[in-house]
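Down below is the structure, laid out as structure tokens.
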Amino acid sequence: MRLVPDVRRVVLLSLSFWMQVFGLAVLILPELWYGWTGQDYDPNVAWWLAVGLLLAGIIGRIFQQGLSPWKEWLRIAAVAAIIFALALLLAWPSSASAATDNTATEAQTLSIAVPFIAKEEGMRNRSYRDAVGIWTICFGSTRGVHANMVMTDEQCIDLLKVEVAEHRSGLHRYFTPVTITTRLPATRDAAYISLAFNVGPAGAGKSTAVRRLNAGDIVGGCGAIAWFDKAGHRVLRGLFDRRQREKSLCIIGAH
């Protein structure tokens, strides 16, 4: 196997070469971005753009690549712009889907999440030390808690609402805009927040459950919530049952 003559000129002018390079890059870069930041990129955009670029590379093999450098670069830019525009049109929601925006408001989600989490966590009005010795009260809150602290039922519920809203805000940073507007009704939002309330927004946000939902796999994402049923590599009955209830809440309305 031998290199083609004048490799430098081929690399500078070859449409097919650069389209394939860019196509490979848009497949790899989202994974590197996730590894560095823990945040997902909408896979539809990357996939369609990569397909378009690789297709342009195949088409480029059909045409003779003998144009002047300026004309060649103009052709590359024009093809890339057309492919990018088509990719965005295919990947992003149309005006019809925008009209059926399914975004849950914070109030809608909290009306489901607060009583759900309250039942799962259990309420204790007097402060106590948890398993690792941290002062805790109400539904597992540790904020400003000290010995001999007492809170009423109403105070505990108010505190829970604040903390659930904070967990929702933290978790939503890991969802794509498309997920928030089209895949996250109040029931599903509440299920994911219940998970985040238990394992933390970052723990839930970086999970397969969120990555699948961002990729459009609603059923698979809800199913992955149930994976968080272990402590010390051992399945705990209480966690198992809670995850099943979260999964059932999450799956409501899934197609």
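The values are calculated or read from the model by the stated rules, or taken from the named source; none is laboratory data. The shown structure was predicted, so the numbers you read here are calculated from the model rather than taken from an experiment. Using ideal geometry, Cβ is built from the backbone for each residue, glycine included, and neighbour counts are taken over all protein chains shown.
The rows are residues; the columns are (1) under 28 Å from residue 214 (Cα atoms); (2) modelled with pLDDT under 95.
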site: 130; (1), (2): no, yes
site: 134; (1), (2): no, yes
site: 139; (1), (2): no, yes
site: 144; (1), (2): no, yes
site: 154; (1), (2): no, no
site: 171; (1), (2): yes, no
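In this entry, residue 253 passes the filter for residues that are among the small types (Gly, Ala, Ser) and surrounded by fewer than 14 Cβ atoms within 10 Å (Cβ to Cβ).
Within the stretch 229-250, if we keep just the residues that are free of Cβ contacts under 8 Å to residues at least 12 places away in the same chain and assigned to a loop (DSSP other than H, G, I, E, B), the residue that is surrounded by the most Cβ atoms within 10 Å (Cβ to Cβ) turns out to be 236.
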